[in-house]
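Asker: Please see the structure below; I have some questions.
Throughout, read-outs are computed from the coordinates displayed, never taken from laboratory work. What you see is a predicted model; the values in this text were computed from it and never measured. Reconstructed Cβ throughout: ideal geometry from the backbone, glycine too, with neighbour counts over all protein chains shown.
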Amino acid sequence: MTRAPYTIDHVQLAMPPGREDDARAFFVGALEFIEIPKPPELAQRGGAWFTSGAVTLHVGVDPTFVPAKKAHPALRCSEYERVITRLRERGVVVTPDPLPFDGHDHCYIDDPFGNRIELIAS
């Protein structure tokens with residue numbers, strides 16, 4: 001049987017309308033992603049796109065926004081302890097999971113809109 005060779009192109013998170021500056025402050029300011037321009041035909045919808053290494057996140061506007069409390073992206077982090085310290089210094093609540101994930105420390109944070117994000121030490 002032939003299997004399709006998939007990779008993830010991007011992960012989309014939702015946010016309420018008009019909160020792009022909060023998204024930038026969190027994803028660029030706290031998590032140190034780089035904002036990438038949205039194509040002009042999509043920019044009018046609002047939201048913002050971010051990248052770090054092989055990870056691309058699209059944060060899109062949802063007029064009926066409800067935060068994702070269970071479903072979440074899990075991001076491997078090469079400088080885990082430094083990033084955790086940086087997040088805490090910016091007032092982000094970091095919830096460590098006492099059980100290792102694949103033998104690595106990991107924790108949960110929320111973006112400014114309440115979406116759950118998992119960080120895993122690499």
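Asker: If you take every DSSP beta bridge fully contained in the chain, what fraction is antiparallel? Give it as a percent rounded to 5.
Answerer: Antiparallel bridges: around 65 percent, rounded to the nearest 5.
Asker: Can you compute the equivalent ellipsoid semi-axes for region 1-55, i.e. the square root of 5 times each eigenvalue of the Cα gyration tensor, sorted largest first and rounded to whole Å?
Answerer: Its equivalent ellipsoid spans semi-axes of 26, 15, 10 Å.
Asker: Compactness ratio of region 11-121: Cα Rg over 2.2 N^0.38 Å, N = residue count?
Answerer: 1.06
Asker: Using the 10 angstrom Cβ neighbour count as an exposure proxy, how do H106, H10 rank, fewest first?
Answerer: Listing H106, H10 from fewest to most nearby Cβ atoms yields H10, H106.
Asker: Only counting other Cβ atoms within 10 Å, I'd like K38, K70 sorted with the fewest neighbours first.
Answerer: Going from least to most buried by this count: K70, K38.
Asker: Expressed in nm to one decimal, what extension gain is obtained for the pair I36 and F101 from 0.36 nm per residue of sequence separation less their Cα-Cα distance?
Answerer: That works out to 20.4 nm of additional length.
Asker: Explain nothing, just the number: dipole magnitude of the chain about its Cα centre with +1 on each Lys and Arg Cβ and -1 on each Asp and Glu Cβ, in debye rounded to the nearest 20.
Answerer: In total the dipole reaches around 180 debye.
Asker: While we're here: Ranked highest first by the average count of other Cβ atoms within 10 Å around their residues, in what order do 14-22, 90-98 fall?
Answerer: By packing density, highest mean first, the sequence is 14-22, 90-98.
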